[in-house]
1. Can you tell me which residue is most open to solvent (accessible area, probe 1.4 Å) among those in region 28-54 that are out of contact with any helix residue (DSSP H, G or I) (no Cβ under 9 Å at 6 or more places or on another chain) and over 17 Å from residue 158 (Cβ atoms)?
2. Filter region 70-94 down to residues that are in contact (Cβ under 8 Å) with a residue 60 or more places away in the chain and open to solvent by 30 Å² or more (accessible area, probe 1.4 Å), then give me how many there are.
3. Regarding region 19-27, can at least one residue be identified that is modelled with pLDDT of 95 or more, open to solvent by 70 Å² or more (accessible area, probe 1.4 Å) and aliphatic (A, V, I, L, M)?
4. Please return the ranges of helices (runs of 4 or more DSSP H) entirely within region 1-95 where 2 or more residues are acidic (Asp, Glu).
5. So residue 58 ticks every box in (1) without any contact (Cβ under 8 Å) to a residue 24 or more places away in the chain; (2) surrounded by fewer than 16 Cβ atoms within 10 Å (Cβ to Cβ) but one. Which box is left unticked?
6. Return the pair list, or none, for Cβ contacts closer than 7 Å from residues in region 114-135 that are under 26 Å from residue 6 (Cα atoms) and aliphatic (A, V, I, L, M) to residues that are at pLDDT 95 or above and in a helix (DSSP H, G or I), at least 6 apart or on different chains.
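The values are calculated or read from the model by the stated rules, or taken from the named source; none is laboratory data. None of the values given here were measured: they were computed from a predicted structure. Because the Cβ atoms are built from the backbone with ideal geometry, glycine has one as well, and the counts that use them run over all protein chains shown. Surface areas here come from the heavy atoms of the whole protein model, side chains and all, with no ligands, DNA or RNA. Shrake-Rupley method; radii C 1.70, N 1.55, O 1.52, S 1.80 Å.
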Amino acid sequence: MAQFVERLEAHACSWERLAAIEEVPVRVMNWLAERQLPARIAVAAPLAGLPWPEDLARHSDKAGIDEVCAVSKAFGAIAESGSLAMYSGPDSPITHNYAPEFHLIVLDAADLRDNQEGVWEMVRATGKMPRALNLIAGPSRTGDVEQTIQLGAHGPRQVHVLIVEP
């Protein structure tokens, strides 16, 4: 876990540890409030059944270009690179990874693997290949303009990881 967190931080991600997945809605609401963002999210279907507050506008569809924040569930993660493995499919719309300005990703600590080969073992264990498996290593960035790094050029400007470790 220590190597994964160190690499996450090196990729300009923020993170926090939760004791239970039921804490996700409260932490998401606090995160939005701390940044004065609207109480509206695109939330992946596996997280839709959590106890979300009534005043939070949410949907489990694809994230549109006007989406400010998406909350997704990682399929797995890679400690050596600090990358999050995001499965594509109905429960994990690929647009969550690219359209919103902010992306909060829930990771079960049990799904952390030492290396990329470990994640591919997890994929093979499902018995089916996803249409895509995106490896996310932090916010989108580019250095095209005057060799200056700009975050959020082709996707989220900020990635925050909620690590659930009971």
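1. This residue is 54.
2. Total satisfying the criteria: 2.
3. Yes, region 19-27 has at least one match.
4. Passing ranges, in order: 2-10.
5. Only one criterion is unmet by residue 58, namely (2).
6. Matching pairs, first to second residue: 133/123.
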